[in-house]
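Structure record follows, encoded as structure tokens.
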Amino acid sequence: MKSISDLGDLQGKKVLIRCDLNVPLKDGVVTDDLRIKSSVPTLTQLRDAGAAVIVLAHLGRPKGQVKPEFSLAPAAKLLGAELGTEVKLADDVVGESARALAAALQPGELMMCENVRFEPAEESKDEAERTELAQKYAALGADVFISDGFGVVHRKQASVYDVAKLLPNAAGLLVEKEVQVLKQLTTETKSPYVVVLGGAKVSDKLKVIDNLLQKADTLVIGGGMLFTFLKAQGLEVGKSLLEADQVDACRGYLAEAEKLGKQIVLPTDIIVAPEFAADATPTVVAADQIPADQMGMDIGPDTAKAFAEIVAGAHTVFWNGPMGVFEMAAFAGGTKAVAEALTKVQGLSVVGGGDSASAVRSMGFTDADFGHISTGGGASLEYLEGKELPGLAVLEGK
């Protein structure tokens, strides 16, 4: 992949850049600005280089329809505040408003097209449809294209993949950093290497487990997915989340780990409740004693302590997925314990985007507390699965 410096002098050039500004909103207000702040270094470099910058981004899943609740207006406003300059927002994606703003854009100025997913062709499976839209992006006057939205590089979409085939291209600072960190997790790891996996479903992590079981020393399992592993051991899981069709896969992973001399560490105690509710009464039970009328909501205190010790003693840690229902205070202890342990790692600690990133930020941790917080949950996982990501492959000329 080329870097921005490989594109030469950008003074007076129009730069089309794909950012990931898919931030969570509540009543029109951004509730987590990680992705916006992560886009600032590249945009600042381009502005300071005298480029006229045209930002492409998406928000939510409007599925090819113009839906006001998915407007990028809140993101544009917050991005402007971070940059200390106005980010002009077009009323459309590649229509009259976007073309007029792009034509008038001066060196050092920034504009943003509306949500690219308002265009049906953006996510089309038809390459010709995507290419036609990509040509419209390029026709905004772009001289070069920069890919800096790591959260979407696993998607073959018009603003990620197809437009990169039409223009001289390079990776932005964010994409470069993400790839550098993920390479460390797959090819340059220092032992002990611990992978902590949580979240709701084993099925979301199958290929990650396949790949990382070969590389990591220890896999620590929490979240809703742990109950499928417990079931694979023949244990009762009550009303807990369970993927019955993945029990055999989990049984296979446990056997494979033993064969490879690796550890898959499961909870010894669980916090259960009679229902999925913030005010439900929590009870701590042994992992092999979950009552039939209760559901697991978090790892227990003994497990949280044990997991924290494993994490804190590692030289390399990748964590993806909360340990419990962290949005409810009574069931956030396990996730917080893992997060605190990551801040003590003497080496590389990576929070793998998605709910994990939201969790640590909602609990008051800062980005500086960790080695790296990924902006791309799905993209990070697919990279660690060993998949070729279209948005990176195209930058490598593939």
(request) Can you put 19, 250 in order of Cβ neighbours within 10 angstrom, beginning with the fewest? (result) 250, 19
(request) Compute the separation of the alpha-carbon centres of the stretch 248-263 and the stretch 279-340 and state it in Å as a whole number. (result) 22
(message) Which of 145, 276, 229 ends up with the largest GNM mean-square fluctuation for the chain, with Cα atoms connected below 10 Å?
(response) 276
(request) Set Lys and Arg Cβ to +1 and Asp and Glu Cβ to -1, take the dipole of the chain about its Cα centre, and tell me which of 373, 238, 50 lies farthest positive. (result) 50
(request) Could you state the angle between the C-alpha long axis of helix 173-186 and the longest principal axis of the C-alpha atoms of the chain, as a value from 0 to 90 degrees rounded to the nearest 10? (result) 30
(request) Springs between alpha-carbon atoms under 10 Å, Gaussian network over the chain: tell me which of 317, 360, 179 tops the mean-square fluctuations. (result) 179
(message) Please list 3J(HN,Hα) in residue order for the stretch 313-320, calculated via the Karplus relation 6.51 cos²θ - 1.76 cosθ + 1.60 where θ = phi - 60°; whole Hz, with x for glycine and proline.
(response) x, 8, 9, 9, 9, 10, 10, 9
(request) Go through 279-290, 328-339, 76-87 and give me the packing order, highest mean Cβ count within 10 Å leading. (result) 328-339, 76-87, 279-290
(request) Using just the helices of the chain, give the 222 nm mean residue ellipticity in deg cm²/dmol: DSSP H runs with n ≥ 4 each add -39,500 (n - 2.57), and the total is spread over all residues, rounded to 500. (result) -10000 deg cm²/dmol
(message) Whole-Hz ³J(HN,Hα) for each residue in the stretch 27-43, computed from phi via Karplus 6.51 cos²θ - 1.76 cosθ + 1.60 with θ = phi - 60°, x for glycine and proline: what do you get?
(response) 6, x, 10, 5, 9, 8, 9, 3, 5, 5, 4, 6, 7, 5, x, 5, 5
(request) Would you look at the GNM of the chain, springs on alpha carbons closer than 10 Å, and say which of 90, 51, 368 moves the most? (result) 368
(request) Quick one: which residues, 5+ away or cross-chain, put their amide H under 5 Å from the amide H of residue 269? H built at 1.01 Å from N. (result) 287, 300, 303
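Relative contact order for the stretch 189-384: what is it in percent, counting Cα pairs under 8 Å that are at least 6 residues apart? Intermediate results must be reported in sequence, preceding the final value.
On the way: 434 pairs, mean separation 42.4, N = 196.
With pairs under 8 Å counted, the relative contact order is 22 percent.
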(message) Whole angstrom only: what separates the Cα centroid of the stretch 216-242 from the Cα centroid of the stretch 79-153?
(response) 44
(message) To the nearest 20 Debye, how big is the dipole of the stretch 4-176 about its Cα centre, given +1 on the beta carbon of each Lys and Arg and -1 on that of each Asp and Glu?
(response) 200
(request) Work out from phi, with θ = phi - 60° and the Karplus expression 6.51 cos²θ - 1.76 cosθ + 1.60, the ³J(HN,Hα) of each residue of the stretch 341-347, listed in order in whole Hz, and give x for Gly and Pro. (result) 5, 4, 5, 9, 5, 8, x
(request) Would you mind checking the tilt of helix 247-260 against the longest principal axis of the Cα atoms of the chain, expressed as 0 to 90 degrees and rounded to 10? (result) 80
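Every read-out reported here was derived from the displayed coordinates using simple, explicitly stated rules and does not represent laboratory data. All of these numbers come straight from a predicted model, not from anything done at the bench. Here the Cβ is made from the backbone with ideal geometry for all residues, glycine too, and neighbour counts use every protein chain on show.
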